[in-house]
1. So which helices (runs of 4 or more DSSP H) stay within the range 1-88 end to end and still have 2 or more residues that are exposed (fewer than 11 other Cβ atoms within 10 Å of the Cβ) and at pLDDT below 75?
2. Counting only residues that are polar (S, T, N, Q) and part of a strand (DSSP E or B), which one in the range 292-333 is nearest to the chain's Cα centre (by Cα)?
3. For the structure I just gave you, tell me whether Gly179 is out of contact with any Phe, Trp or Tyr (no Cβ under 6 Å at 6 or more places or on another chain), open to solvent by 30 Å² or more (accessible area, probe 1.4 Å) and modelled with pLDDT under 90.
4. Of all residues being hydroxyl-bearing (Ser, Thr, Tyr) and in contact with a Pro (Cβ under 8 Å, 6 or more places away or on another chain) in the range 250-290, which is surrounded by the fewest Cβ atoms within 10 Å (Cβ to Cβ)? Just the residue, please.
5. Within the range 375-395, restricting attention to residues that are farther than 21 Å from Trp406 by Cβ and of a type in the set (A, V, I, L, M, F, W, C), which residue is farthest from the chain's Cα centre (by Cα)?
6. Out of the residues in the range 193-219 that are closer than 16 Å to Gly443 by Cα and in contact (Cβ under 8 Å) with a residue 60 or more places away in the chain, which is surrounded by the most Cβ atoms within 10 Å (Cβ to Cβ)?
7. Pairs needed: first member in the range 381-397, in contact (Cβ under 8 Å) with a residue 40 or more places away in the chain; second member anywhere, not in a helix (DSSP H, G or I); C-beta distance under 8 Å; at least 6 residues apart or different chains.
8. Any residue at all in the range 117-126 that is open to solvent by less than 80 Å² (accessible area, probe 1.4 Å), in contact with a Pro (Cβ under 8 Å, 6 or more places away or on another chain), outside any helix (DSSP H, G or I) and modelled with pLDDT under 90?
Amino acid sequence: MERAEAEAIYDSGREACVEFMLDLANRFAQHEDRLKRLEEQARQDSRTSSKPPSMDPPKTRAQRRAEARARAKELMRREGEQRRGGGQLGHRGAGRELKPEDQVDEIVDHYPQACGGCGHEFSDHERRPRRRFGRHQVAELPPMSVITVEHRTHQLRCRRCRSRTSARLPAPVAGSAFGPRLQAAIVTLTAGYRVSRRGSTELAGDLFGITLSTGAVDAICQRASDALAGPHLQLGDWVLDQPAVHVDETGWRTRGEGRALWAATAPGGVFLQISEHCNREQFNALIGSSYPGIVISDRWNRYSHLDPARRQACWSHIKRDFARHADGLGEQKTFGQTGSELTRLVFAAWRAFQHEHHDRDRLQAEIAPIQTELRALLEHASPKKARNRWHRQFANNLLKIWPALWTFTVIDGIEPTNNPAERSLRAPVIHRKISLGSQSDNGERFAERALSAAGTCRQQRRSLFTYLSELLAAHTRGDPFPALAA
């Protein structure tokens, strides 16, 4: 504004000046709110939001050193002494166990050549096994190569009618130029270890000595996708038969277009499904509108139609939200700091229940005062006041689903976090970033089926390669498929 414009407003009288000042104050408040929101968004990272750590802003060397020094000082304060690197006192080692003798392929005996005291050379008669001896086992791969079997179909002429008849290949052989174990190895590399189609062709040449084209690798993957169709559906039914299911979703890309990858997990099974949208209709299609069990999830508004009494909200997300508010100012900062401390007490009580006493009555007794204090904190922040405008919505959201915060205290088998579902999505997200998603509907089906099998086998501590070998062999013969669900 120029000086002449300001003087014109002043000369126009008291009422015009008041109106202009009110308008200016209103604009200032709007800009202040906008600046506050932008600053809050800029501060969000994996510690205060649902963003993955890979999206955190880069830190300077000085920042990393300062954080490392702060963590070291905190550890020294807690332990009263300097904490050394490596395994700590009381840490259970993870050494390699020796295999029993009946599982060893070859035994080589080593004897000393001469006495270490007098130099006497031991004779062959003296070199005999004793009861006590040292053991050292070396694992090695044998020379690997693909066994190529040529199947020849001969033609015979009938002596009676003089017609010629050619032999037919057996069904297990005619279906493909590659055996079930080789196909299973290729699919394991793709789905279990996120190797690209071209990388699979190179590995097949390096490890197995066979030449494959990228088209052949893709054909093997599609054949495995067809074989996994039945086990994948059975796995989905099994997961939804469990008394509790963890649900989460993330993005997917097909031909560059946005899709949604849904995960429904239970102990012993991971069911993944790629859908066109990420909304309540797709959630109902995945879980069903009448699922009788407990749904563990975050507080995304697409889950708001669920009964809070049949639901468990993720406390890890609540912890991050309180941490975000603790970075604010004034009343918001106090609210966030108090909520963060209460969240710490919730997790402390849960860890004590898990690892120490296993007494549910004691867990509920320890949680009860935390519930009372948290309820008072949320009710104090819920009214529509200027000082509550930054955290009022979060407080009201928690009050709305209040029973869903404490389901884990009363029902066995329920966790206070949605970590199992998030862990089950970690490998598919890495697969998506490496492969840039899928390029067709068939690619979507392979991704959801193969990644479900990989996640389920990982949970069951089961060999994905062994399962795929059995499945592809059964599929080729037309036999019933081996179950994927536990």
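1. Values: elements: 3-11, 14-43, 61-79.
By residue number, 14-43, 61-79.
2. At the first step, the residues of the range 292-333 found to be polar (S, T, N, Q) are 297, 301, 304, 312, 316, 332.
Now drop any that are not part of a strand (DSSP E or B), which leaves 297, 312.
Values: Ser297: 14, Gln312: 19 Å.
That would be Ser297.
3. Details: out of contact with any Phe, Trp or Tyr (no Cβ under 6 Å at 6 or more places or on another chain): yes; open to solvent by 30 Å² or more (accessible area, probe 1.4 Å): yes; modelled with pLDDT under 90: yes.
Taking the combined requirement at face value, the residue satisfies it.
4. Filtering the range 250-290 for residues that are hydroxyl-bearing (Ser, Thr, Tyr) and in contact with a Pro (Cβ under 8 Å, 6 or more places away or on another chain), the one surrounded by the fewest Cβ atoms within 10 Å (Cβ to Cβ) comes out as Thr250.
5. Here the residue is Ala386.
6. Arg194
7. Listed pairs, sorted by first residue: Ala381/His391; Asn388/Ser382; Trp390/Gly328; His391/Gly328; Ala395/Ser382; Asn397/Arg299.
8. Within the range 117-126, one or more residues are open to solvent by less than 80 Å² (accessible area, probe 1.4 Å), in contact with a Pro (Cβ under 8 Å, 6 or more places away or on another chain), outside any helix (DSSP H, G or I) and modelled with pLDDT under 90.
The values are calculated or read from the model by the stated rules, or taken from the named source; none is laboratory data. Everything quoted here is computed from the prediction, not taken from an experiment. Quick reminder, even Gly has a Cβ in these numbers, built from the backbone with ideal geometry, and neighbours come from all protein chains shown. What goes into the accessible areas is simple: the full protein's heavy atoms, side chains included, and nothing from ligands, DNA or RNA. Shrake-Rupley method; radii C 1.70, N 1.55, O 1.52, S 1.80 Å.
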